[in-house]
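A quick write-up on the structure given underneath.
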Amino acid sequence: MILQKLEMHGFKSFAERKELAFIQPTVKTRGITAIVGPNGSGKSNVADAIRWVLGEQSTKLLRGKKAEDVIFSGSEKRARSGYAEVILHFNNESGQLPLDFSEVTIARRIYRDGDSEYLINKKKVRLADIQLLLAQANFGARTYSVIGQGMIDSILVASPQERKEFFDEAAGVKQFQLKRHSSIIKLQNTKENLSQADMLINEIEPRVRSLHRQVKRLEQREALEEELHALHHQYYGQLWTELQKSIDGKSAELNQLEKRWKEKESGLDESKRVLAKLEKEETGGDEFSELQNQYQKLMTERSALQERELRAKSKLEIAAQVKKQTAAAMPLSKIIEGVRGLAIKQGQAVKSLRGAKSLDVVRKLVPDFENIHGDTLTLADRLERPAPEEESVKQSTTDSALIKELETIKKELSGLEVRIKQTQTALASYNEIEREKKAKFFQLQRTLSEKISAAHALERQLGEMRVDLARLETRRDALEQEIVQELGERAERVKSNFKAGEKGAEKPETMRPRIEKLKYQLQLIGGIDPEVMKEYQETSERYEYLTRQVADLTKAVSDLEKIINELDETIKLRSEAAFRKLNREFDRYFKLLFDGGRAELIQLAGTKNQAGRSSEDLAVEADDDLIGEEIGKGSETYIAGVDITATPPGKKIKHINMLSGGERALTSIALICAIMTSNPSPFVVLDEVDAALDESNADKYAGILKELAERTQFIVITHNRYTMSRADVLYGVTMQDDGTSQLLSINMEEVGELKNDERLPAKAKRSARISPRQKIVA
């Protein structure tokens, strides 16, 4: 592969399109092209252009601060350029570039807006494509192919890790390192894809299991319904039977209690008649009569208040039960009307009783109390079988009124009890005085009081039992509604055909959780879309597809790891062989330039935690592509860097930094020549590498270049006449008044032919010997 031509347009000082032809199109050999010119004329811009088109990204190495600095910035006499472009033309008949073209062009273009592009044969490519192509051809922007001004001894002052990167380029393993780097990226991406696939599987797998369970539940629906029907029959049958039994028992107790209450009322009436008779026979003073009347009045008031309290509590309890039951109840207005009528009748009877002066009058009042008693029983019967209410009332207002009435009654009872105690105390004192006279009367009075208390206690118990019975009946009505709602047509069969008392039957409280569980299961099954089977099949197919993808990705990870290991082994073998050859050539050229002495390259081995850093840290420090990685996957030793020892003849130098400037330049040249001998690059650009050499060493340097030019094409920027004398093509660079660089060229072979042509006059030979172009160059 030969670099034929370089084109520049708008690059730094080359504002106009300039072309440097290094090899004539008819000539297929390599050689030396020298570029000469005064300081500041733009010679080094040629080296920068080659470095830039090969993919250099460092603006510092290109002697700029930002990417747009490579575009011609203009001058007082010339406007600035809008873009910069550099094109390299290669002869690829040897096939060193892995492209099916005999001629290959590599171009790079940048615009002032920051947009840039790379082109191979006028087709846009990526920077990574350029780098891989150059690595396969064994040259690049950061290798020894382009050695800029003042960079000849940079390899000597560089760190061992930086030198190692340079020698990796010389070993020709850069392409394998790029492939390895690409494989690592692919491996990371494959692992990420594998992780995503695993996440998808973990996300889908619960759904597959859920759909599988739903499909199974669809198959179990009929069995669950049969089991639920049997449990409903057993559960509601037991509840209905037990509740009906409780209502029957409570009704029987209520009947017995009503009989006892009637007997108590009869005994109380008899005691009152005897007491009235004794009052007529009483010969005591007015004081006793007044106390007796007061006490009787207080007891009557207390009885009335207790009756009111009992009625209010009954109303509250009945109202609470009515709220719970869902069946229609007796209108509240009718209940209030009936209770209020009873209260009026009771008040009138009590008033008549208080005004009675004799026992005969009291007997006349007995029918009135019997009528009141009959009305009360009638109202109670109506409450047990209530009629539907046509209009709803605001129950909460009535409850609040009843509660306030109860509180008022309690306060009145509390005050009345105090007054009763006071009256009892007064009567006891009077009885103590009149004991002998009134013993029989007071004994009867106490008996009457006890009977009245017992009658009221029995009446209170009777009211509570009625409330309990109403509560049970309300529960029965609610249960009947629940049975109808749950079982529908099977409700009557459950109520009439259930047989209680079976041994081993479950209790309702243990069956309820099972019923709820079965209903929940049936609810889940009933809520499943009929398309669940189709969804299950689709999800299963998706799950199986992802499982296959995970297996393929796992295999890909294994294959990539195998490729990386193979590349590591290839890099290791090639690097070791190239390093041994490079070491020999370095020592040979060192002795040739110094007329003796000794030079050697030393590989520095590192451990996994060398200087507190891991091999990964050193790999990053060496741009992640060095051979400074573990030699063998299980080994802890790797090549961390390369050290250089150079001892000129007659000296004992322990460190390379002790060399003089010229000695370092010669050492660097010896190392570069050794690299080009062991692994020749298609072309090499040297920018004033010989600036620090004296005439003797410059002659040696030029001779070595001429020798190496048989295998490597050299583009040399120089001021040295020895280097110029061995050049095949000579370019001169001058700076114009408008701030742009101008090129002049001389083909040295043509100049030699003109010198040897005897047909030309002496004047023409002198002109050929020193042409106007050469004068400009000088």
Within region 64-80, can you find the residues that are under 17 Å from Ile50 (Cα atoms) and not small (Gly, Ala, Ser)?
Glu68, Asp69, Val70, Ile71, Phe72
Ile71: out of contact with any Leu (no Cβ under 7 Å at 6 or more places or on another chain), surrounded by 21 or more Cβ atoms within 10 Å (Cβ to Cβ) and farther than 26 Å from Thr677 by Cβ, yes or no?
yes
Residues being under 16 Å from Leu194 (Cβ atoms) and open to solvent by less than 50 Å² (accessible area, probe 1.4 Å): count how many of those fall in region 555-579.
3
Extreme residue, farthest from Thr547 (Cα to Cα), among residues of region 192-244 that are basic (Lys, Arg) and without any contact (Cβ under 8 Å) to a residue 12 or more places away in the chain:
Lys216
Does region 228-245 contain any residue that is among the charged types (D, E, K, R), surrounded by fewer than 18 Cβ atoms within 10 Å (Cβ to Cβ) and within 30 Å of Asp468 (Cα to Cα)?
yes
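One line per residue, one yes/no per condition, for (1) out of contact with any strand residue (DSSP E or B) (no Cβ under 6 Å at 6 or more places or on another chain); (2) surrounded by fewer than 19 Cβ atoms within 10 Å (Cβ to Cβ); (3) more than 30 Å from His719 (Cβ to Cβ):
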{"residue": "Gly37", "(1), (2), (3)": "no, no, no"}
{"residue": "Ser75", "(1), (2), (3)": "yes, yes, no"}
{"residue": "Arg78", "(1), (2), (3)": "yes, yes, no"}
{"residue": "Ser81", "(1), (2), (3)": "no, no, no"}
{"residue": "Asp113", "(1), (2), (3)": "yes, yes, yes"}
{"residue": "Ala135", "(1), (2), (3)": "yes, no, yes"}
Would you confirm, using the coordinates I've provided, whether Arg512 is closer than 30 Å to Glu219 by Cα, part of a helix (DSSP H, G or I) and modelled with pLDDT of 75 or more?
yes
Here is a check on your reading of the model: is Leu200 at pLDDT below 75 and either open to solvent by 30 Å² or more (accessible area, probe 1.4 Å) or not in a loop (DSSP other than H, G, I, E, B) (or both)?
no
Among the candidates Val146, Val46, residue that is β-branched (Val, Ile, Thr), open to solvent by less than 70 Å² (accessible area, probe 1.4 Å), touching a residue at least 40 places away in the same chain (Cβ under 8 Å) and under 22 Å from Glu16 (Cα atoms):
Val46
I'd like the full set of residues that are touching a residue at least 60 places away in the same chain (Cβ under 8 Å) and under 51 Å from the mean Cα position of the chain (by Cα), limited to region 73-101.
Ser81, Gly82, Tyr83, Ala84, Glu85, Val86, Ile87, Leu88, Gln96, Leu97
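One line per residue, one yes/no per condition, for (1) under 30 Å from Leu359 (Cβ atoms); (2) touching a Pro at 6+ places or on another chain (Cβ under 8 Å); (3) open to solvent by 30 Å² or more (accessible area, probe 1.4 Å); (4) basic (Lys, Arg):
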| site | (1), (2), (3), (4) |
| --- | --- |
| Asn255 | no, no, yes, no |
| Leu268 | yes, no, no, no |
| Asn293 | yes, no, yes, no |
| Thr300 | yes, no, no, no |
| Leu305 | yes, no, no, no |
Out of Lys264, Lys272, report the one residue that is in a helix (DSSP H, G or I), open to solvent by 80 Å² or more (accessible area, probe 1.4 Å) and at pLDDT below 80.
Lys264
Do we have any residue at all in region 538-554 that's in contact (Cβ under 8 Å) with a residue 24 or more places away in the chain, part of a helix (DSSP H, G or I), among the aromatic types (Phe, Trp, Tyr) and open to solvent by less than 60 Å² (accessible area, probe 1.4 Å)?
no
Please find, within region 163-183, the residue that is farthest from Ala692 (Cα to Cα) out of those that are open to solvent by 40 Å² or more (accessible area, probe 1.4 Å) and modelled with pLDDT of 75 or more.
Ser182
When every residue in region 680-696 that is open to solvent by 30 Å² or more (accessible area, probe 1.4 Å) and touching a residue at least 12 places away in the same chain (Cβ under 8 Å) is compared, the one nearest to Asp587 (Cα to Cα) is Pro680
Scan region 90-111 residue by residue and report those that are open to solvent by 40 Å² or more (accessible area, probe 1.4 Å) and either in a loop (DSSP other than H, G, I, E, B) or under 17 Å from Phe683 (Cβ atoms) (or both).
Glu93, Ser94, Gly95, Gln96, Pro98, Leu99, Asp100, Phe101, Ser102, Glu103
What single numbered condition from (1) at pLDDT 80 or above; (2) open to solvent by 50 Å² or more (accessible area, probe 1.4 Å); (3) among the charged types (D, E, K, R) fails to hold for Glu225?
(1)
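The values are calculated or read from the model by the stated rules, or taken from the named source; none is laboratory data. Everything numeric here is computed off the predicted structure, so don't read it as measured data. Virtual Cβ from ideal backbone geometry, glycine too; neighbours counted across all protein chains shown. To get the accessible areas, we keep the full protein, side chains included, count just its heavy atoms, and leave off ligands, DNA and RNA. Shrake-Rupley method; radii C 1.70, N 1.55, O 1.52, S 1.80 Å.
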